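Below is one structure, written out as structure tokens; the observations come after it.
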Amino acid sequence: MSSPKGAKAAASKSPVSKSPASKSPASKAKAAPRAAAKPAPAAKKAAARKAPSRAKAGDGDPTPAQKAAFLKALAGGVKPNSAALRKLEEKKGGAFAPSPPAPQRKVEVLRRIPAPAPRLETPETKDALRIAALIESGLARGELDKVQPHAQQALAAALCRLYAANHEMGERYPILTAQGAPVTATDVMVMCGALLKAVDLQVFELGMWQSWSSG
Amino acid sequence: MAEQFVGKASEFKDGERQIIRIGEDEIGVFRHAGAFYAYSNFCLHQGGPACEGLTIARVIEPLREDKTSMGLHFHESDMNFVCPWHGYEYDMKTGEHVADRRIKLRKYDVVQKGDEVYVLA
């Protein structure tokens, strides 16, 4: 709440209260020609305050975003083969000549990686695959005695020697693939144990051989 | 984007790859199952030569009805390529990392005009 004294002081400080327009009607009439000839200081100040805001809000003035876009376009220059360039050339009085196409970037072949070697389907391979499929189908039906033990021994021995001979020649490939019927860890341990026992080897000796050789 | 001549399709055997450089970009161009694919040769993991490692079929693990595993198998058609540095594996058709599909190599369009193969780069 402001006191009447405070209000009076505020009124005396205000520049509006000092202006001729705030005086009585009689004095107002006297002051009118003077006011018309010379603008009041308060009106001057108000006009100065209003000026910048009028410049901002004016219809013809570009917005900051428009200014930024204009500067960006200016920095980018006139694009080749554009309508702007055509107009520019016409204004200059010269004929429009399209600029040459951008030079092709050089393609350099660094490496050529050949396709993996295709699998050869020799007649022996086909026969071996046929036998493997026969054994697998018998297993699926639960027919465990269709391939007699002496045939299994022959197959195991031949496969063991074939794999070892390839290994010796540097042909390294996994003996089992992820494809086909899965072989369990138990299957592997049973078979490896049987193979070691067949040639009278201990697991310790296998470990020694593996640590001494590259096998 | 300009068409950059890579080579002739007749000289590009199926399963073959070419590592090319166009400006500062190093690109691996694959031919797989008759189609061409081109990806950035910079692995998204640590910048290794992503397109120069093994090409290997996608490994799948089918499940039985009781949700037990039928073992690991190779997918019949989906092929991946593996970065030789740390084994980041990418899908040949999309360039996406097989374990996290959000990770994706930069893919370049390949255009074949007659016998000529172009990469848009």
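The values are calculated or read from the model by the stated rules, or taken from the named source; none is laboratory data. Computed from a predicted structure; not experimentally measured. With ideal geometry, Cβ positions are generated from the backbone for all residues, glycine too; neighbour counts draw on all protein chains shown.
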>> For the stretch A:110-134, give me each residue that is surrounded by 11 or more Cβ atoms within 10 Å (Cβ to Cβ) and more than 7 Å from chain B (Cβ to nearest Cβ).
In response: A:Thr125, A:Ala128, A:Leu129, A:Ile131, A:Ala132, A:Ala133, A:Leu134
> Looking at B:Ile27, is it touching a residue at least 60 places away in the same chain (Cβ under 8 Å) and within 14 Å of chain A (Cβ to nearest Cβ)?
Replying inline: yes
> If we keep just the residues of the stretch B:72-88 that are assigned to a loop (DSSP other than H, G, I, E, B) and touching an Asp or Glu at 6+ places or on another chain (Cβ under 8 Å), which is nearest to the other protein chains (Cβ to nearest Cβ)?
Replying inline: B:Leu72
> Any idea which of A:Leu201, A:Leu155 is touching a helix residue (DSSP H, G or I) at 6+ places or on another chain (Cβ under 8 Å), without any contact (Cβ under 8 Å) to a residue 40 or more places away in the chain and farther than 25 Å from B:His75 by Cβ?
Replying inline: A:Leu155
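Residue by residue, here is whether (1) buried (at least 19 other Cβ atoms within 10 Å of the Cβ); (2) in a strand (DSSP E or B) holds:
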site	(1), (2)
B:Asp14	no, no
B:Ile19	no, yes
B:Ile27	yes, yes
B:Arg31	yes, yes
B:Leu44	no, no
B:Cys51	yes, no
> Applying the selection to the stretch B:9-24, what residues are within 20 Å of B:Lys113 (Cα to Cα), touching a residue at least 60 places away in the same chain (Cβ under 8 Å) and facing chain A (nearest Cβ under 7 Å)?
Replying inline: B:Ile20, B:Ile22
>> Exactly one of these conditions fails for B:Arg106: (1) facing chain A (nearest Cβ under 9 Å); (2) touching a residue at least 24 places away in the same chain (Cβ under 8 Å). Give me its number.
In response: (1)
> Hey, B:Thr55 hits all of (1) surrounded by 13 or more Cβ atoms within 10 Å (Cβ to Cβ); (2) more than 10 Å from every other protein chain (Cβ to nearest Cβ); (3) touching a residue at least 24 places away in the same chain (Cβ under 8 Å) but one; which does it fall short on?
Replying inline: (2)
> Do you know which of the residues in the stretch B:32-42 that are modelled with pLDDT under 95 and within 12 Å of chain A (Cβ to nearest Cβ) is nearest to B:Asn80 (Cα to Cα)?
Replying inline: B:His32
